[in-house]
Amino acid sequence: MTRNVGTIDRALRVVFGLLLMGWAITGWPTNGYSWIGWIGIVPLLTALVGFCPAYTLLGLSTCPVTK
């Protein structure tokens, strides 16, 4: 797997993933949809690995090319 997620993109994914998971854990506001927050695991994992399968399908990359 070639990295396709850059540094800024990774940081944003971590923040967004933690916010979503925080929503799932706290359940606030109690509207019955806080379970959707567990989707925050996906951006956290892609930030950790540095690879996003959706970027591959779309032909995108935010990672600078190093040779």
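Scanning segment 4-37 for residues that are surrounded by fewer than 17 Cβ atoms within 10 Å (Cβ to Cβ) and part of a loop (DSSP other than H, G, I, E, B), we see that the one that is nearest to the chain's Cα centre (by Cα) is GLY6. Return the pair list, or none, for Cβ contacts closer than 8 Å from residues in segment 51-66 that are free of Cβ contacts under 8 Å to residues at least 60 places away in the same chain and closer than 10 Å to GLY6 by Cα to residues that are aromatic (Phe, Trp, Tyr) and surrounded by 11 or more Cβ atoms within 10 Å (Cβ to Cβ), at least 6 apart or on different chains. Once the first residue is free of Cβ contacts under 8 Å to residues at least 60 places away in the same chain and closer than 10 Å to GLY6 by Cα and sits in segment 51-66, its partners that are aromatic (Phe, Trp, Tyr) and surrounded by 11 or more Cβ atoms within 10 Å (Cβ to Cβ) give SER61/TYR55; THR62/TYR55. Answer yes or no: is there a residue in segment 32-46 that is farther than 30 Å from MET1 by Cα and not small (Gly, Ala, Ser). Among the residues of segment 32-46, at least one is farther than 30 Å from MET1 by Cα and not small (Gly, Ala, Ser), which makes the answer yes.
Of all residues in segment 41-67, those satisfying the criterion of being more than 27 Å from ILE25 (Cα to Cα) and polar (S, T, N, Q) are THR56, SER61, THR62, THR66. Could you please give the count of residues in segment 8-36 that are modelled with pLDDT under 95, of a type outside the set (A, V, I, L, M, F, W, C) and touching a Ser or Thr at 6+ places or on another chain (Cβ under 9 Å)? Going through segment 8-36 one residue at a time, the tally reaches 3.
The values are calculated or read from the model by the stated rules, or taken from the named source; none is laboratory data. Please read these numbers as outputs of a predicted model, since none were measured by experiment. No Cβ is skipped: glycine too gets one built from the backbone with ideal geometry, and neighbour counts run over all protein chains shown.
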